[in-house]
Amino acid sequence: MIRRALYILAPLVAALLGLAALLLSRSPFSLSTAASTAALIAGAIGLWRAHTLRRACTGIISHLQQVSTGRAVSIDCRDQDLQPLAAAINALLTHTQSALSQAALRSKELELRLKVTDAERQHAEAIIYSISDAVLVTDAFDELVLANESAARAFDFDLQTAERSPVARVLKDARLIALIREMRQATNRTERRVVEYALRTPTGAGRIYKVTLSTVADKTDPTTGARPAGVVAVLHDMTKEKELAEMKNDFVSNVSHELRTPLASIKAYVEMLIDGEADDDKTMREFHEVIQNEANRLGRLIDDILNISRIESGLVKVNKQPQSLSVIVKEAVEVILPQARQKNITVHEGLAPLYYQTVADRDMCYQAVLNLLSNAVKYTPEGGRIDVRTDVDEAKRTISTRISDNGVGIPANDLPYVFDKFYRAEANNRMAKGTGLGLSLVKQIVETVHNGRIFVESQVNKGSTFGFDLKLSE
């Protein structure tokens, strides 16, 4: 208040001093002196006021600099004339700081949402990439926005270059492209279709897929409502399932046929016995032998089917212990020798030392070797030769069994199928009877039970070589 009073009274004091000088002196010189004195006083007061304002403004500028650096939050001004200006600046700073704080909060919120969205996207991509089925995701413009490795392999495209490319350029399959476009143009946002789709790969192999097509709804358009903005296509490879289904059907058909044959023979000879067609003991014995042989054949067929089924389902009991494969082969050779001698077939052995062992189920290995020896005797003509060997490869840590004959051999087009269930080469059907399960059982024993490798080599009229490899025990 004192400063403001001085600012107001300074001109008045100067005028009074001038008037007093005029009254006290009548000379011109005295009046001039009084006026000069008043002017000096007024100028001194003005300079002092200017200095005061300058210092106040400097303080305001200093406070503003501190506010800009964050070391102060408001301006502190003691000059009463500048206090309204300081108050206005402080109000503006308060409003600005509040707006900046809200903007910072919104920025952090948006950043957090962006991180959550990015994490969800990465999670969704990880799920899609881990799916074994082929997955394709397109947008409203029929551009590929997401796919996994299975889809890239199935349709032969590169994931990096295919992203954001037209699906017609990536897939090159007219039918699947048409299915995706039809789904995108659908009016029902929750539409879902499942179709069976046959695809021929670039290698020429045919694959069968179950295609599940679903629409992705666009909920951002308030005028038209939710419309399909893209399509998700999941392709499940059903090729193996179809093959297994066909194999099961073939298996049931073949089993029925194989069971019917011995049963028909048994039934026929029983009926002849009932009708009294066996007049003497010799005929009756022949009938009984036929019935017994067919019953044994039926029993072997059922045993083979059960053994294969148990091995494939994993229900078979396996007793693996260190075994000498040469000992097992030797025992099987001794059992098969009487049948070989009946056909004047010579059997030559070349067995590895007994101390080489493999971890195996003894009974199963014995059955596998016996089945291979039995086939060699069946399909080798009289006076033929069979070579049985066991060889050790210490570098590969394997021991192999090879059974070679100089029999009729197997045609080249039949070789890939000799280990299939009920498969028999048509060229050799008349030479020996069989169910077509023996070699399939051997393969199951070697590969499924013992994780070994079975192989076959054959030439027509020159003979065949069947064998398998097993790992040596430590």
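The values are calculated or read from the model by the stated rules, or taken from the named source; none is laboratory data. Just so it is clear, the model here is predicted, and its values are computed rather than measured. Don't worry about glycine lacking a Cβ; one is built from the backbone with ideal geometry, like all the others, and counts go over all protein chains shown. Ligands, DNA and RNA are excluded from the accessible area calculation, which covers all protein heavy atoms including side chains. Shrake-Rupley method; radii C 1.70, N 1.55, O 1.52, S 1.80 Å.
Backbone phi angles across region 449-466, fed through the Karplus curve with coefficients 6.51, -1.76 and 1.60 (θ = phi - 60°), yield HN-Hα couplings of 7, 10, 6, x, 9, 10, 8, 8, 9, 7, 9, 4, 6, 10, x, 9, 10, 10 Hz in residue order; Gly and Pro are listed as x.
When each of the peptides 344-355, 387-398, 97-108, 436-447 is scored by how many other beta carbons lie within 10 Å of its residues on average, the order from highest to lowest is 436-447, 387-398, 344-355, 97-108.
Cα extents for region 233-346 along the principal axes, largest to smallest and rounded to whole angstrom: 75, 43, 28. Cross-link list Lys320/Lys396; Lys378/Lys443; Lys172/Lys248; Lys242/Lys317; Lys242/Lys421: which exceed 25 angstrom alpha carbon to alpha carbon? Pairs exceeding 25 Å: Lys172/Lys248; Lys242/Lys317. Put simply, the amide H of Gly452, placed in the peptide plane, has neighbours under 5 Å in Glu447, leaving out anything fewer than 5 places away on its chain. Among His236, His450, the sequence by solvent-accessible area, most first, with a 1.4 Å probe is His236, His450.
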